[in-house]
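Here's the structure we're looking at; comments come further down.
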Amino acid sequence: MYDLAITNGQLITPAGPVFADLAVNQQSIAAIGAHLNADRTIDAAGSYVIPGGVDCHVHLQMQLGGITSTDSFETGTVAAACGGTTTVIDFTDPQPHQPLMQALRKRKSEAGGRVAVDYGLHMTIPTWHASAEDRLHDLPDAVAAGCATFKLYQAYDRMQLDDVALLRAMRAVAAAGAGVVLHSETGPLLDQLRADAVAAGHSQPIWHERTRPANLEASAVQRAAEIAALAGCPLHIFHVGAAASLAQVTAARHRDLDITAETCPHYLLLTADEHLAASNGHLFICAPPLRTVVDQDAMWQALLDGSLDIVSTDHCPWTRNEKQRPSFADVPGGLPGIEARLSLVHNFGVNERELPLSSWVSACCTAPARRMGLPRKGALLPGYDADVVIFDPTREKTIRADDLNETAGWTPYQGLNVVGWPRTVLLRGTEIVLDEQFVGLPGQGRYLHRKLDS
């Protein structure tokens, strides 16, 4: 007799869709089969049963230039849960001279007792730390503490690494048995292009895209891939929205380099010409910027053919007032989106572009868990954590900011109609969302010690 059985649903498993029951014992998936008996049952008739989503790229209560992203660890993870995401990975950003482990302890103290889903942390290696080998002395300690991935930047003051620093950091990461997640742009050159545009009197949001050319972004990806190959370091490229950058990832894969990439819903659904050029274009400033319809189509095709692995959100929410600045050059970058990811990819991918159900689940659940060192997450398999979403594929919903749990007060997907939405969500066997309402407790989420496969 099992603790719980989810019955009558269509399970989307690594082997494909199957009509079966799923049994839970002591927070783990215990069995998949027919007529499983349990003390309690949940009827999933008419619904997909999928693993809890894994969002490997979020920015909760992130400090930037004197302001803090609007979603706290509590509100952001409640929103994630209501959207069917049961694991998020955020960031630890050390200050100059600050030991990595001290920064990690501080960030964990900010999240502990507040997160509503399970979470991990990427460790950022900023400019100061990457400038000398001895400043990375405690990097192996961070890996031992569960930071399996390290965030590097090729852009932004205080964060960007030149090629020598990239090689130094990647060698240290690889030696510790970890991997790199990368923001890949040509930072110093973009700074100059932005300054030139401002000096010429250009302040409109569309100039955010015009001063960050896609081919320059692609050149940064190409260089990073070559440096990662020299260092023997696993590399994951964050927020790919340009076909040119995707082509560099694909070329590196054809050479058998250990490289993966992700895109985000805003690159799949929004464009520079429609959104950055609009009267409220400042809201849609993010980096890398929104691109063209051609780039958008390339991202969808890459999800279909498997050359893109993951859909994350890069959830980085700011209020309308915080994003209202005189010039595009001063607008804080980032968009909210942690809650609607599963439904957006389902509706616009599965429903409208014939994305297979297995590809949807892989991109949003299985692939990020596997790449980020989460061996008990992201799949419906015995022995895995019982993070389960009962997803109603017929639920019709119009996305409105007022109906979401995100706290930015607006959403880039306002007014979009979707068919399909999570109705019940379980975290380690316990319902945290029932009938689309959060019923869990902030603080029930756990810090996850991640370790990459050797």
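The values are calculated or read from the model by the stated rules, or taken from the named source; none is laboratory data. These numbers were taken from a predicted model, which means no experiment stands behind them. Here the Cβ is made from the backbone with ideal geometry for all residues, glycine too, and neighbour counts use every protein chain on show.
The table below gives the values:
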| item | result |
| --- | --- |
| Boolean, residue 155 is closer than 27 Å to residue 284 by Cα, out of contact with any Lys or Arg (no Cβ under 6 Å at 6 or more places or on another chain), among the hydrophobic types (A, V, I, L, M, F, W, C) and crowded, with 21+ Cβ neighbours inside 10 Å | yes |
| Residue 206 vs. criteria touching a strand residue (DSSP E or B) at 6+ places or on another chain (Cβ under 9 Å) and either farther than 26 Å from residue 293 by Cα or of a type outside the set (D, E, K, R) (or both) | no |
| Tally, over the range 266-294, of residues that are surrounded by fewer than 16 Cβ atoms within 10 Å (Cβ to Cβ) and touching a Ser or Thr at 6+ places or on another chain (Cβ under 6 Å) | 1 |
| Any hit, the range 246-267, residues being within 21 Å of residue 150 (Cα to Cα), aromatic (Phe, Trp, Tyr) and within 22 Å of the chain's Cα centre (by Cα) | no |
| Among the residues listed as 279, 307, the single one being assigned to a loop (DSSP other than H, G, I, E, B), on the phi < 0 side of the Ramachandran plot, in contact (Cβ under 8 Å) with a residue 60 or more places away in the chain and out of contact with any Asp or Glu (no Cβ under 9 Å at 6 or more places or on another chain) | 307 |
| Selected residue (only one of 363, 302 is free of Cβ contacts under 8 Å to residues at least 60 places away in the same chain and aliphatic (A, V, I, L, M)) | 302 |
| In the range 374-404, the residues that are within 16 Å of residue 357 (Cβ to Cβ) and among the hydrophobic types (A, V, I, L, M, F, W, C) | 379, 380, 388, 389, 390, 391 |
| Test: residue in the range 59-71 that is closer than 16 Å to residue 147 by Cβ, modelled with pLDDT of 95 or more and either in contact with a Lys or Arg (Cβ under 6 Å, 6 or more places away or on another chain) or surrounded by fewer than 24 Cβ atoms within 10 Å (Cβ to Cβ) (or both) | no |
| Selection count where residues are farther than 15 Å from residue 90 by Cβ and among the polar types (S, T, N, Q), scope the range 32-78 | 3 |
| Residue list for the range 312-344, restricted to those being out of contact with any Leu (no Cβ under 7 Å at 6 or more places or on another chain) and aliphatic (A, V, I, L, M) | 329, 331, 335, 338, 340, 342 |
| Within the range 1-64, strands (runs of 3 or more DSSP E) holding 2 or more residues that are touching a residue at least 24 places away in the same chain (Cβ under 8 Å) and within 24 Å of the chain's Cα centre (by Cα) | 2-13, 48-51, 53-55 |
| The range 366-411, residues that are surrounded by 23 or more Cβ atoms within 10 Å (Cβ to Cβ), more than 21 Å from residue 58 (Cβ to Cβ), of a type outside the set (Val, Ile, Thr) and touching a Gly at 6+ places or on another chain (Cβ under 9 Å) | 386 |
